[in-house]
Amino acid sequence: MDSAKKRIPLVLSYDFNTIDTEFRKRADNLTGTFKNDFAELGNAVIIPAAHKDSITTEAAVAEAAVVKADENEVTVLMFLNQTTKSATMPGPRLDGSRVRVTMTESGDQWLISDITPV
């Protein structure tokens, strides 16, 4: 669970000023088909929107609990707080969300293999 709590904010936080280089580095926290799916979503939607509206967002884990665990995979339910700033908003906006995160053992580390809003 510690790996999920560390990696989720890294993956879900970004700044329009640095997103082009930072977004690609986030792939180091991902594995499996989710890694490719996330890259496609980033290139098609997230990066263009961040530049267009000058978006900066910071995700923080408020709470987390293991829902299911086996030898090579752990599912964690996370409650997140996400603060977003944008040129199209008068001030910062705080949103709460819940996500189910699947972590898969990859070598000597646990990487994100799925993020599903719940």
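Values as computed for the structure displayed
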| item | result |
| --- | --- |
| Count of region 41-64 residues which are more than 24 Å from Met78 (Cα to Cα), out of contact with any helix residue (DSSP H, G or I) (no Cβ under 9 Å at 6 or more places or on another chain) and without any contact (Cβ under 8 Å) to a residue 12 or more places away in the chain | 4 |
| Considering residues of region 10-36 that are among the acidic types (Asp, Glu) and modelled with pLDDT under 95 only, the residue nearest to Thr104 (Cα to Cα) | Asp28 |
| Residue selected from region 76-103 under the condition in a strand (DSSP E or B), in contact (Cβ under 8 Å) with a residue 12 or more places away in the chain and over 15 Å from the mean Cα position of the chain (by Cα), by the criterion surrounded by the most Cβ atoms within 10 Å (Cβ to Cβ) | Lys85 |
| Where Phe34 falls short, out of the listed (1) assigned to a helix (DSSP H, G or I); (2) closer than 21 Å to Lys5 by Cα; (3) without any contact (Cβ under 8 Å) to a residue 60 or more places away in the chain | (3) |
| Scan of region 15-26 for residues that are buried (at least 16 other Cβ atoms within 10 Å of the Cβ) and either out of contact with any helix residue (DSSP H, G or I) (no Cβ under 6 Å at 6 or more places or on another chain) or part of a helix (DSSP H, G or I) (or both), ordered by number | Ile19, Phe23, Arg26 |
| Looking only at region 37-65, and only at residues there that are of a type in the set (S, T, N, Q) and within 14 Å of the chain's Cα centre (by Cα), the one that is farthest from Arg100 (Cα to Cα) | Thr56 |
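The values are calculated or read from the model by the stated rules, or taken from the named source; none is laboratory data. Small disclaimer: the values here were computed from a predicted structure and weren't measured. Using ideal geometry, Cβ is built from the backbone for each residue, glycine included, and neighbour counts are taken over all protein chains shown.
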